[in-house]
Amino acid sequence: MGFPMASRSTLRAKTSRPTIVSTAQTPDVVANVAKALGHPVRIRIVQLLLKQRVCIGGDIVDEVGLAQSTVSEHLRILKAAGIIVGEIERPRICYSLNPRSLEPLTGLLHAIADAAAAGRIGGSADCPDGTNC
């Protein structure tokens, strides 16, 4: 069920880094996106949409294997956070990812990874330089 992870160098080569906009709203935006992704079923839905450019709601229900009402609630949460968008094509709703909505969270994660790679973070309060003490 897992997907292969690309290395950081592969990701850097393929994508440009989003920047974190320094505003008072940014922590709330990042937290909202993280919270919406904070459930295994919602991660599974995002993975499905990564695999397939567009997904019909009923197909998502079949793939996830949960009740339609449960999947609908997870879709509602992802949609409210802007992570997915749904277009009504009667009688179906087609869902797709909105990658721009993830930029604040991606920017924060990249900033943490870059700081760790540069040795600015890591270690602990007892060993701030990251040595085994």
Check: Limited to the range 31-62, what total is found for residues that are part of a helix (DSSP H, G or I), free of Cβ contacts under 8 Å to residues at least 40 places away in the same chain and more than 15 Å from Ser96 (Cα to Cα)?
Finding: 4
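Quick one: count up the residues across the range 75-88 that are of a type outside the set (D, E, K, R), assigned to a helix (DSSP H, G or I) and surrounded by fewer than 21 Cβ atoms within 10 Å (Cβ to Cβ). It would help to see each step written out before you state the result.
Taking the range 75-88 as the starting set, the residues that turn out to be of a type outside the set (D, E, K, R) are 75, 77-78, 80-86, 88.
Imposing the further condition that a residue be assigned to a helix (DSSP H, G or I) reduces the set to 75, 77-78, 80.
Adding the requirement that they be surrounded by fewer than 21 Cβ atoms within 10 Å (Cβ to Cβ) leaves 77, 80.
Summing the residues that are of a type outside the set (D, E, K, R), assigned to a helix (DSSP H, G or I) and surrounded by fewer than 21 Cβ atoms within 10 Å (Cβ to Cβ) in the range 75-88 gives 2.
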Note to self: If the requirement is being outside any helix (DSSP H, G or I), among the polar types (S, T, N, Q) and at pLDDT 90 or above, which of these qualifies: Ser16, Ser96?
What the structure shows: Ser96
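The values are calculated or read from the model by the stated rules, or taken from the named source; none is laboratory data. None of these values were measured; they are calculated from a predicted model. Here the Cβ is made from the backbone with ideal geometry for all residues, glycine too, and neighbour counts use every protein chain on show.
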